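Down below is the structure, laid out as structure tokens.
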Amino acid sequence: MKKIAIVPTLLTLGNGICGFVAITFISKIGPWETPANNDIYFAWTGWFILLAMLFDMLDGYVARLSKTASDFGGELDSLCDVVSFGVAPAFLLLKLGPGWEPSPFLHQLVAGIAALYFSCAALRLARFNVENDPDPSSHKRFKGLPSPGAAGCLAGLAIFRGEFLNSLKIRMPSVNIDIEAWRPIVERAVEIAAPVGTLVVALLMVSNVPYPHFTGKVFRGKKYIGHLIQVLLVGFILVMFRSATPLLVFWIYAFIFPLRALVASGTRPEPAPMDEHAPHKL
């Protein structure tokens, strides 16, 4: 085998390791744990999936910057993506879905959606490998929702479920919030939203809806000061409202482009009808 680029390879492996750590936190969630511990495990699961995205974003950037991009790096990246953005989110859904003792039908339904999500993530990554153009200038749009974006939707739900109530109590101490009273409401909202939302984002991954390559826009080419201010503003919002920001960012990203494509197709003018009496050109 030819020599491999050390730094991009380590970053790619960091992606896979974060996915593995997320899976270990998911495995700790259960009725045998206290609600407070489960909140911690949900939050850490979501943050490690997001950390895997950061490694996934950096490895390609570093490889292109150092001109060490290779087929080996691309294949390794997809293998790690399957773990972090396929297996980990699918396993997470089993914990985010209906409560600890659901009916057999609900349990089988959520398990089926989790299996469908993993299958769509694997198909999405395989399609990307086949259709991917090594030219960096071509990486402006994705066909279908990227697997990190789909995983971010579930990670956002996990972070929201694990941290939202506690963050409200910390950031607004003057407001009397009874966490235990509000906990069932938040849990039930997530239990309903997670399977339905996961089913939709799974299908979006294997769709032909175009999604912009935001990380390419952030790192590629020369940027103006306004661009830097926008990035810093997003980072500030993430820090200040970190329990709800991933939820909003990833779900808006997942749904706004299919809705825009749907609206555009609905408003597209129909072709003018052909006049039967007009002379035909041969």
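So the values come out like this:
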quantity: Residue order, fewest to most beta carbons within 10 Å, for Trp44, Trp32; calculated: Trp32, Trp44
quantity: Residues whose placed amide H lies under 5 Å from that of Ala69, excluding near-sequence neighbours; calculated: none
quantity: Inter-probe distance in nm under a simple model that places probes 7 Å from Cα toward Cβ, at Ala126 and Lys28; calculated: 3.5 nm
quantity: The range 1-86 - percent relative contact order, Cα under 8 Å, separation 6 or more; calculated: 49 percent
quantity: Distance (nanometres) between label positions extended 7 Å along Cα→Cβ at Asn37 and Ser207; calculated: 4.0 nm
quantity: Net length gained if the chain between Ile192 and Val263 were fully extended (0.36 nm per residue, minus Cα distance); calculated: 22.9 nm
quantity: Sorted by Cβ neighbour density within 10 Å, fewest at the top, the residues Arg260, Arg242, Arg124; calculated: Arg260, Arg242, Arg124
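Readers should treat all values here as calculations from the given coordinates under stated rules, not as data from a laboratory. Please read all numbers here as calculations on a predicted model, not as lab measurements. Cβ: placed from backbone, ideal geometry, glycine included. Neighbour counts: every protein chain shown.
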